[in-house]
Amino acid sequence: MIVKKYQQIYLDNSKLELLRKENFHEYFKSQIFKGKIFIIKNNEFILKIIDLVKKILNIHLSKEENSFLFKNKNSTTNFSNLRKRFFECQKLVKQNIEIKIEFKNFLKFLNFNISNTKSDLICVRYIKSNDFSIGNLNFVKGHRDTWASNLQEQINWWFPLNKTDSSNTIYLCPDLFSKSVGNNSKEWSFNDYKKKKVLSSTPTVNYEIDSRFKKTFSLEPGDILCFSGTHIHGSNQGSSSRLNLETRTITLDDKYNFQLPENLDGGYKKKHREWFNNLI
């Protein structure tokens, strides 16, 4: 079944198989670059990636620490030790060949041109609230990824390891996709971030986004949220915890084959294709 809701397009596996036979890749890309948001449900390749990540966490973290991460249980957890070990797990997830292969298989399933597609590293993130995170990925205010990468062909992929609801999820602002918004991209630079002259890993909006513009997503493990890097998005400021995986891709010839989103308000001009690597 395919269900369209607002700017969201839900796809289950049966309909996805049909669309794949009818140039799903072209349909998917053309809609993504218009601002549509896809949720692909209960995908076998995403479930395999989740299992591989859980295996890493189970090996390198204690049962108590995993219980805290997945169920928010056990206040006796030593957070200093957990932060160190979770940081190591984040590195292992990024380096894991099996995870990279399954993500490539997922893109092949969507009929992507694998030889011409590059991917950022797959990252695992833990966030409990706007002021509590573990590892090297923290809470980020609303932003367009394209303010930093300056690549309008970028597609973002976000998928949870535990069930998400409005209190522990990502938010997007579909109504702002085609509108200019105030941000600090003119002042931001990646070199300054690497030198720790600025704290944020990406340019962000310079005001508080009204909650009316924020669309949140209830997702199950196996679901994956797919959206243009031009969408303003950020971490929801709830009290519940979440574990999620995320990455980004570009396909080199998309700028010739599709009408890409406009750069309406990005002031940072350097393009960062070096952040993306060939698929394994």
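The values are calculated or read from the model by the stated rules, or taken from the named source; none is laboratory data. Quick caveat, the model's predicted, so the values are computed rather than measured. For neighbour counting, all protein chains shown are included, and Cβ atoms are generated from backbone atoms with ideal geometry for every residue, glycine included.
Each row is one residue, and each column tells you yes or no for (1) at pLDDT below 95; (2) in contact with a Lys or Arg (Cβ under 8 Å, 6 or more places away or on another chain).
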residue	(1), (2)
PHE33	no, no
LYS54	no, no
ASN66	yes, no
ASN72	yes, yes
LEU82	yes, no
LYS91	no, no
ASN96	no, no
ILE99	no, no
LEU107	no, no
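Condition check ((1) in contact with an Asp or Glu (Cβ under 9 Å, 6 or more places away or on another chain); (2) not in a loop (DSSP other than H, G, I, E, B)) across all residues:
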{"site": "PHE227", "(1), (2)": "no, yes"}
{"site": "THR230", "(1), (2)": "yes, no"}
{"site": "SER240", "(1), (2)": "yes, no"}
{"site": "TYR256", "(1), (2)": "no, yes"}
{"site": "LEU260", "(1), (2)": "yes, no"}
{"site": "LEU264", "(1), (2)": "no, no"}
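Out of all the residues in region 266-280, which are under 13 Å from LEU151 (Cα atoms) and surrounded by 18 or more Cβ atoms within 10 Å (Cβ to Cβ)?
Within region 266-280, GLY266, TYR268, PHE276 meet the criteria.
List every residue pair whose Cβ atoms lie under 7 Å apart, where the two residues are 6 or more positions apart in sequence or sit on different chains, the first residue falls within region 84-102 and is closer than 12 Å to ARG125 by Cβ, and the second residue, located anywhere, is in a helix (DSSP H, G or I).
Close Cβ pairs (under 7 Å, with a partner that is in a helix (DSSP H, G or I)) amount to CYS89/ILE56; CYS89/LEU57; CYS89/HIS60; VAL93/VAL53; VAL93/ILE56; VAL93/ILE99.
Which residue is nearest to HIS233 (Cα to Cα), if the candidates are limited to region 173-188 and must be within 21 Å of the chain's Cα centre (by Cα) and of a type in the set (Ser, Thr, Tyr)?
Among them, the one singled out is SER178.
Condition check: among the small types (Gly, Ala, Ser) and surrounded by 23 or more Cβ atoms within 10 Å (Cβ to Cβ). Does SER178 satisfy that? Write out each step before concluding.
Values: among the small types (Gly, Ala, Ser): yes; surrounded by 23 or more Cβ atoms within 10 Å (Cβ to Cβ): no.
Answer is no for this residue.
Go over the candidates LYS255, LYS196, LYS271 one by one and state the one that is more than 14 Å from the chain's Cα centre (by Cα), on the phi > 0 side of the Ramachandran plot and among the basic types (Lys, Arg). Step through it out loud before you land on a result.
Values: LYS255 fails: on the phi > 0 side of the Ramachandran plot; LYS271 fails: on the phi > 0 side of the Ramachandran plot.
None of the others qualify; the one that does is LYS196.
Determine if region 219-238 includes at least one residue that is within 18 Å of the chain's Cα centre (by Cα), modelled with pLDDT of 95 or more, among the small types (Gly, Ala, Ser) and under 19 Å from LYS269 (Cα atoms).
Yes, region 219-238 contains at least one residue that is within 18 Å of the chain's Cα centre (by Cα), modelled with pLDDT of 95 or more, among the small types (Gly, Ala, Ser) and under 19 Å from LYS269 (Cα atoms).
Using the structure shown, decide if SER241 is in contact with a strand residue (DSSP E or B) (Cβ under 8 Å, 6 or more places away or on another chain) and modelled with pLDDT of 95 or more.
On the way: in contact with a strand residue (DSSP E or B) (Cβ under 8 Å, 6 or more places away or on another chain): yes; modelled with pLDDT of 95 or more: no.
The answer is no for SER241.
Only one of these is within 16 Å of LYS141 (Cβ to Cβ) and surrounded by 13 or more Cβ atoms within 10 Å (Cβ to Cβ): SER200, SER241. Name it.
Numbers: SER241 fails: within 16 Å of LYS141 (Cβ to Cβ).
None of the other options fit; the residue is SER200.
How do the pairs read when you match residues in region 108-128 that are free of Cβ contacts under 8 Å to residues at least 60 places away in the same chain with residues anywhere that are not in a strand (DSSP E or B), using Cβ under 7 Å and keeping only pairs 6 or more apart or on different chains?
LYS108/ILE114
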